[in-house]
Amino acid sequence: MQKDWTLSPSLLSCDFCNLQQELQSLEQAGIKWIHWDVMDGSFVPNITLGPPIISKSRQKTNLFFDVHLMIEKPERYIQQFARAGADLISIHAESTPHLESALSQIEKQNLKPAIALNPHTPLCQIEYLIPQTYMVLIMSVNPGFGGQEFIPFSMDKIRDLSRMIRDKNSQTLIQVDGGVDLENAAELVQDGADVLVSGSAFFKHPPYEQRLQDFKARVSKHV
């Protein structure tokens, strides 16, 4: 039986000059999720976008908005991103001393709460929050820039997290972000990933419908 999984293209690698067309092309290609990388120049060195761009984009598409907040004290902005049209919000365990409270804020906005972990952050820091969490995002590169190479020990972390989720009888999803491409997609899904975030490895290979099929074919061949 084939495992269900989702590809969530990272808009950090799209053509922002033609964002509306990009969203339409992704939807027409059969993509269901899109990944928004929100960076504040503090938690990570780069600066990207905020609620206004997401809000305007929300009016143009029905795609699932997977919003990844790489910002300090994200609890200050949860309501703004909820109003902008997020469907899911990922916050970094390293970005706030009040992670449980921040997840509860996301739930109160009727959104799906998710925890993101930097490569060096151990799983034990979030173990007790797994039942409260819709998804855990494993960063397989250091956050802040696109186009980085996949960090190999991330595979071990994904397998360990998958076991932890099973041990808790939880339905929590596992997302992987960073260096995801055709070469490692099948192994990631095999090891427990449910959602794959792909940036340059997706957007630099149009047409998008064919690229989605390439990913699906590679995964179905091995999983």
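Quick notes
- Charge dipole (debye, nearest 20) of the chain; +1 at Cβ of Lys and Arg, -1 at Cβ of Asp and Glu: 480 debye
- Overall form of the stretch 1-131: prolate. Here a/c, set by the Cα gyration tensor axes a ≥ b ≥ c, is 1.5 or more, and a/b is the larger of a/b and b/c.
- Counting neighbouring beta carbons within 10 Å and listing from fewest to most, the residues Tyr128, Tyr134 come out as Tyr128, Tyr134.
- Taking 32 Å as the limit for the C-alpha separation, the pairs Lys108/Lys216; Lys3/Lys204; Lys73/Lys216 exceed it in the case of Lys108/Lys216; Lys73/Lys216.
- Leu49-Asp4 FRET efficiency (beta carbon distance; Förster radius 35 Å; 0.05 resolution): 0.75
- Summed side-chain charge close to Asn46 - residues other than Asn46 whose Cβ falls under 14 Å, Lys, Arg +1, Asp, Glu -1: -3
- A straight line joining the Cα centroids of the stretch 1-79 and the stretch 132-202 runs 17 Å.
- Subtracting the Cα-Cα distance of Ser220 and Arg76 from 0.36 nm times their residue separation leaves 47.7 nm of extension gain.
- Spin-label pair Gln59/Asp87, simplified geometry with 7 Å Cα→Cβ offset, distance in nm: 2.1 nm
- Where both bridge residues fall in the chain, DSSP classifies roughly 5% of the beta bridges as antiparallel.
- For the stretch 123-187: rounded, prolate or oblate by the Cα gyration tensor [a/c cutoff 1.5]: prolate
- Ranking Asn169, Ala114, Ser55 by Cα position along the charge dipole of the chain, where only Lys, Arg, Asp and Glu carry charges on their C-beta atoms, puts Ser55 farthest toward the positive end.
Laboratory data are not the source of any read-out in this text; all were calculated from the coordinates shown. Small disclaimer: the values here were computed from a predicted structure and weren't measured. Virtual Cβ from ideal backbone geometry, glycine too; neighbours counted across all protein chains shown.
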